[in-house]
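Enquirer: Can you read through this structure? Questions will come right after.
The values are calculated or read from the model by the stated rules, or taken from the named source; none is laboratory data. Just so you know, these numbers come straight off a predicted model, no measurement behind them. Note that we place each Cβ from the backbone using ideal geometry, even for glycine, and neighbour counts take in every protein chain shown. Please note that ligands, DNA and RNA were not included when accessible areas were found on the heavy atoms of the full protein model with its side chains. Shrake-Rupley method; radii C 1.70, N 1.55, O 1.52, S 1.80 Å.
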Amino acid sequence: MKTAKDLPKNVVLKADMKPEVYINGQISHGIGFEKTIGGLSCEMQLILGDTWESATDLGIVNTHIGFPCSDSEEFVWSQPFEFLFTSDSYNGWPFAILKVLTFDESNKIEVISYCKFFIPKESGFHEIKCRTWTPVGDSASNDLAYFFGSYPRLKDISHLAFNEDKMKFLKTTGNGSVMVTLNVSRGNFNRSR
């Protein structure tokens, strides 16, 4: 039986031509969040289309809990990540959902804001400023947020990923921003089927 090593050098296997995307970067820091809110952490989840496969673990990327720097309002995380994907087309290009969580003095962790952003299709280095938002409820839920720090949150995060038509009716308010830096490398897309 012949193996790939037995083939002539000029033979290209079908697996060698499969388009792939390599992404590495970091959740750098958060800016514009209240300094009095306590510590913040950030959680990132990548979502892929049906024709995409992950060659690496697609787990959720979590940062440590960061507190604002004394000389600025930055919550520094510098949490690295890397992913490798394969696909047959651009359809279903990856995007990410971010959740910002607060950690207060009573050890309560709660989601305070969300963001969705698409991974750039262009190869190279990218700095992305992800402007986060917080759901706004009625006056009773606003009172809970003010007096008890209990913020309204999404019951099901999949609405953010797949139900954009329903999300446009959600009342939100802007919150801080999360800075994400990443490198995108694409291979074999010009040869894709």
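Per-residue answers, yes or no, for (1) within 27 Å of ARG186 (Cα to Cα); (2) open to solvent by 60 Å² or more (accessible area, probe 1.4 Å); (3) of a type outside the set (Gly, Ala, Ser):
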{"residue": "LEU46", "(1), (2), (3)": "yes, no, yes"}
{"residue": "ASP57", "(1), (2), (3)": "yes, yes, yes"}
{"residue": "ILE60", "(1), (2), (3)": "yes, yes, yes"}
{"residue": "SER70", "(1), (2), (3)": "no, yes, no"}
{"residue": "GLU82", "(1), (2), (3)": "yes, yes, yes"}
{"residue": "PHE85", "(1), (2), (3)": "yes, no, yes"}
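Enquirer: Something else about it: Here's a check for you: in the stretch 87-96, which residue that is buried (at least 19 other Cβ atoms within 10 Å of the Cβ) and under 13 Å from the mean Cα position of the chain (by Cα) is nearest to CYS115 (Cα to Cα)?
Expert: So in the stretch 87-96, the residues buried (at least 19 other Cβ atoms within 10 Å of the Cβ) come out as 87, 94, 96.
Those still in the list that are under 13 Å from the mean Cα position of the chain (by Cα) too: 94, 96.
On the way: PRO94: 14, ALA96: 8 Å.
Filtering the stretch 87-96 for residues that are buried (at least 19 other Cβ atoms within 10 Å of the Cβ) and under 13 Å from the mean Cα position of the chain (by Cα), the one nearest to CYS115 (Cα to Cα) comes out as ALA96.
Enquirer: In this structure, is ASN91 polar (S, T, N, Q), farther than 15 Å from THR181 by Cβ and out of contact with any helix residue (DSSP H, G or I) (no Cβ under 8 Å at 6 or more places or on another chain)? Outline the logic, then answer.
Expert: Details: polar (S, T, N, Q): yes; farther than 15 Å from THR181 by Cβ: yes; out of contact with any helix residue (DSSP H, G or I) (no Cβ under 8 Å at 6 or more places or on another chain): yes.
Yes; evaluated as a whole, the condition is true for this residue.
Enquirer: Just checking, does the stretch 116-126 include any residue being under 20 Å from the mean Cα position of the chain (by Cα), surrounded by 15 or more Cβ atoms within 10 Å (Cβ to Cβ) and at pLDDT below 85?
Expert: No: zero hits.
Enquirer: Could I ask something else about it? Test each condition in (1) touching a Pro at 6+ places or on another chain (Cβ under 6 Å); (2) more than 15 Å from MET179 (Cα to Cα) for GLN26 and report the one that comes out false.
Expert: (2)
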